[in-house]
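What follows is a set of notes on a single structure, which appears directly below.
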Amino acid sequence: MAMRQTPLTCSGHTRPVVDLAFSGITPYGYFLISACKDGKPMLRQGDTGDWIGTFLGHKGAVWGATLNKEATKAATAAADFSAKVWDAVTGEEVLTLAHKHIVKTVDFTQDSNSLLTAGNDKLLRIYDLNKPEAEPQEISGHTSAIKKALWCNNDQQILSAADDKTIRLWDKTSSEAVKTLTFDQAVSSMEYIPDGEILVITYGKTVAFYNAHSLDLIKTVDAPTSIHSASLHPDKDYFVAGGDDFKLYKYDYTTKEEMESYKGHFGPVHCVRFSPDGELYASGSEDGTLRLWQTAVGKTYGLWKCVLPEELASENSDAIYCPPEIKA
Amino acid sequence: MKKAPVTVLRLPRGPDPNSRGFDPNSPRFIALCPTSIPSSAGEGACIEEEQRSRSELRERFLRTLIKMSNKPVNFDMYEGVQVRAKFGASDIDVLNFQVSELQTPIGVQKEALLRCHDMISFSFDV
């Protein structure tokens, strides 16, 4: 029997959630960090959404947040003109990197030794985390605020998306722009999939997929609403997207067909990402919540339990929570 | 045909209102941070002595906060700001100080929170 999606709502933030990121899979599971305009990024257990801790210290809205692969370090980018590096096990602030304007995006290299930052000062900065007092390498070129910057191609290159409606591919060693993509409208989000070298870009109502090396277009898919963020499943069979109409959309990547759409959020969806194992995806919204959604609806995983109709009626159903019917 | 909603075991746990989390008793914390005391020496032998010194300093700091209660305190903040207020209490993470009768260049604020990150030093008469 077909099951209806039950998203898990993670509450705690008091303002819009603008960015989220998963760690890799660690011996302790995988983790999720959320960036929020309330200035208090939170760490959660990735498969359950259980709150683990809040990183306290920023004095303004946090626009970007990321975890390293092992989930031992976190980095955040904020409106208080700083990026901070945190110990993701103890929650302690490890480093504050002062900038000259709002910082929007942060990304660790695979070995966690370098941190890439960018924001409204239009510069990309690379910090050596083993020598944080040293001046960062700076890469200039964008003519407006940078929204997102990511390491790619084995941390040898950098992809950046800015309000100047371009996405640029930079060589780390030469600091030169290797390729530029120009659009008619501002890019709202960018995701890099190392396995397969795919770049997922959203702008307007479009989700576009590019080769991350050549920046050749693979395909575009048009959605019913303005899309703020999209994420490709690790197996590259589905992708999910969310935006202005509060819904989450799930598409077949191969056929480009819309498979499902889900209501749940009470505000526009700002960010969406698949978990590293592809079993769920998380969305962050203007409504201040994160929601976890199952990729295979009805599967037993995390807090979701596959219950057969006979079990529901039996006496063993005490421990099982049946969500109330919510008419949207 | 109406679909049945997927059942869940429970809802995700939310934040603890009294703490910033990162439970030191969690398996991950215990495995990755055997000692939560960052030792400057990095040598095992010095950890005990360092721990003793840190405990002493921490106790002194906490006793100072107690002694400061309801007393007028001078705060030296960044940007050359100096204010005086009656100290009330600190929050558990020493991120904010609750003060009253905060004297500012634009008047006296009856009740206020001062951000500890903004302070360089503070002093009071014992």
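General observations
- Residues of segment A:14-30 that are open to solvent by 20 Å² or more (accessible area, probe 1.4 Å) and part of a loop (DSSP other than H, G, I, E, B): A:14, A:15, A:25, A:28.
- Meets criteria (outside any loop (DSSP other than H, G, I, E, B), under 20 Å from the mean Cα position of the chain (by Cα) and farther than 14 Å from residue A:136 by Cβ) for residue A:117: no
- Some residue of segment A:48-69 being open to solvent by 10 Å² or more (accessible area, probe 1.4 Å) and at positive phi: yes
- Highlighted here are the strands (runs of 3 or more DSSP E) found entirely within segment A:268-328 that include at least 3 residues which are more than 14 Å from chain B (Cβ to nearest Cβ), touching a Leu at 6+ places or on another chain (Cβ under 8 Å) and at pLDDT 95 or above: A:269-274.
- Here the strands (runs of 3 or more DSSP E) wholly within segment A:167-209 that include at least 1 residues being of a type in the set (Phe, Trp, Tyr) and in contact with a Ser or Thr (Cβ under 9 Å, 6 or more places away or on another chain) are A:198-203.
- Which numbered condition residue A:9 misses (of (1) within 10 Å of chain B (Cβ to nearest Cβ); (2) open to solvent by 20 Å² or more (accessible area, probe 1.4 Å); (3) outside any strand (DSSP E or B)): (3)
- Test: residue in segment B:113-124 that is part of a helix (DSSP H, G or I) and either at pLDDT below 90 or open to solvent by 60 Å² or more (accessible area, probe 1.4 Å) (or both): yes
- For the criterion of being at pLDDT below 95, surrounded by 12 or more Cβ atoms within 10 Å (Cβ to Cβ) and either in a loop (DSSP other than H, G, I, E, B) or away from every other protein chain (no Cβ under 14 Å) (or both), residue B:47 passes.
- Failed criterion for residue A:116 (all others in (1) out of contact with any Phe, Trp or Tyr (no Cβ under 9 Å at 6 or more places or on another chain); (2) surrounded by 18 or more Cβ atoms within 10 Å (Cβ to Cβ) hold): (1)
- Scanning segment A:127-155 for residues that are at positive phi and exposed (fewer than 14 other Cβ atoms within 10 Å of the Cβ) yields a single hit, A:154.
- Neighbours by Cβ (under 6 Å, 6+ apart or cross-chain): first from segment B:88-117, within 14 Å of chain A (Cβ to nearest Cβ); second surrounded by 12 or more Cβ atoms within 10 Å (Cβ to Cβ) and β-branched (Val, Ile, Thr): B:114/B:99; B:116/B:94
- Residue within segment A:134-157 that is in a loop (DSSP other than H, G, I, E, B) and closer than 30 Å to residue B:94 by Cα present: yes
- So residue A:300, is it without any contact (Cβ under 8 Å) to a residue 12 or more places away in the chain and among the polar types (S, T, N, Q): yes
- From the options A:75, A:88, residue that is within 14 Å of chain B (Cβ to nearest Cβ), open to solvent by less than 10 Å² (accessible area, probe 1.4 Å) and within 22 Å of residue A:18 (Cα to Cα): A:88
- Residue count for segment A:31-41, restricted to those that are part of a loop (DSSP other than H, G, I, E, B) and facing another protein chain (nearest Cβ under 10 Å): 1
- Which numbered condition residue A:230 misses (of (1) in contact with a strand residue (DSSP E or B) (Cβ under 9 Å, 6 or more places away or on another chain); (2) in contact (Cβ under 8 Å) with a residue 40 or more places away in the chain; (3) not in a strand (DSSP E or B)): (3)
- Filter result (over 18 Å from residue A:278 (Cα atoms) and more than 7 Å from chain B (Cβ to nearest Cβ)) within segment A:43-55: A:43, A:55
- Those residues of segment B:70-87 which are assigned to a strand (DSSP E or B) and either in contact (Cβ under 8 Å) with a residue 40 or more places away in the chain or touching a Ser or Thr at 6+ places or on another chain (Cβ under 8 Å) (or both), in sequence order: B:72, B:73, B:74, B:75, B:76, B:77, B:83, B:85, B:86, B:87
- Top-ranked residue in segment A:156-195 [being open to solvent by 50 Å² or more (accessible area, probe 1.4 Å) and in contact (Cβ under 8 Å) with a residue 40 or more places away in the chain; ranked as nearest to the chain's Cα centre (by Cα)]: A:194
- Residue A:48 fulfils the conditions (1) among the polar types (S, T, N, Q); (2) assigned to a strand (DSSP E or B); (3) over 19 Å from residue A:117 (Cα atoms) except for a single criterion, (2).
- Residues of segment B:10-26 satisfying the condition of being more than 7 Å from chain A (Cβ to nearest Cβ) and exposed (fewer than 14 other Cβ atoms within 10 Å of the Cβ): B:16, B:17, B:18, B:19, B:24, B:25
- Being of a type in the set (Ser, Thr, Tyr), open to solvent by 40 Å² or more (accessible area, probe 1.4 Å) and within 12 Å of chain B (Cβ to nearest Cβ) is a property that residue A:82 lacks.
- Flag for residue A:104 being over 16 Å from residue A:140 (Cα atoms), part of a strand (DSSP E or B) and within 20 Å of the chain's Cα centre (by Cα): no
- Test: residue B:52 is in a helix (DSSP H, G or I) and at pLDDT 95 or above: no
The values are calculated or read from the model by the stated rules, or taken from the named source; none is laboratory data. This structure is a prediction, so every number in the text was calculated from the model and none was measured. With ideal geometry, Cβ positions are generated from the backbone for all residues, glycine too; neighbour counts draw on all protein chains shown. For accessibility, only protein heavy atoms count, side chains too; no ligands or nucleic acids. Shrake-Rupley method; radii C 1.70, N 1.55, O 1.52, S 1.80 Å.
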